[in-house]
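Student: Here it is, the structure, as structure tokens.
Readers should treat all values here as calculations from the given coordinates under stated rules, not as data from a laboratory. Since we're looking at a predicted model, the values are computed, not measured. Methodologically, a virtual Cβ is constructed for each residue, glycine included, from the backbone with ideal geometry; neighbour enumeration extends over all protein chains shown.
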Amino acid sequence: MVRSAYKIIITIFLLMNLVSCSDSTTVEEYLAQAEQFTEKKDYNSAIISLKNAVRLDANNSNVRFKLASSYLEQGDYLSAEKELERAEHLGADNEFLYAKLAETKVKLYKIDEVYPMVDKAINASDDELVVVLTYAGIAALHEEDNEKAKDFIDRAIGISENSAYGQLGRV
């Protein structure tokens, strides 16, 4: 009987050690891993690391934004949209959040959802606003509204005539 109790105590002790030795990777470490994978253009691995980070901190808008960016790189626009909207809802202040959201909406042909990005990005950096305006112009072209497209593109060029997006708008 004493021997059985002893075995139970040892088993419990071993199980507690096993649980405490489980993955103790932090959100920051997962982010660093994801960054390394992203530099190598290994987006599948980056997504796995970022999903692990989300598992630890589901309300981290930066993790959600980086996860969305990886999805965008893979062409998974639905997942990118979902994560970008979550990042926005969580109060993300990532530069280019609205630019990436506008890009995603255009690629999903959710044209009516692109235009509100212009208002949301109005206080963003000039670089981000130029990108959002350019995607709004592209959205207007999808609707064959050339006048609206020209307005958005002219606004983008007015902000930054030399940006790649401004140059694209001239074509």
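Student: Excluding same-chain residues fewer than 8 positions from Lys82, which aspartates and glutamates have a Cα within less than 16 Å of its Cα?
Tutor: Result set, ordered by chain and number: Glu73, Glu103, Glu113.
Student: Grab the Cα-Cα distance for Lys41 and Glu147, subtract it from 0.36 nm times how many residues apart they are, and report the gain in nm with one decimal.
Tutor: The span from Lys41 to Glu147 would gain 34.3 nm if fully extended.
Student: Something else about it: Which loop trypsin sites (Lys or Arg not before Pro) in region 68-171, with loop taken from DSSP, have no more than 15 other Cβ atoms within 10 angstrom of their Cβ? Write down the numbers at each step before the final one.
Tutor: Numbers: sites: Lys82, Arg86, Lys100, Lys105, Lys107, Lys110, Lys120, Lys148, Lys150, Arg155, Arg170; in loops: Lys110.
Those satisfying the criteria are Lys110.
Student: Let me ask another. By average Cβ neighbour count within 10 Å, what is the ranking of 113-119, 33-39 from highest down?
Tutor: For the peptides 113-119, 33-39, the packing ranking is 113-119, 33-39.
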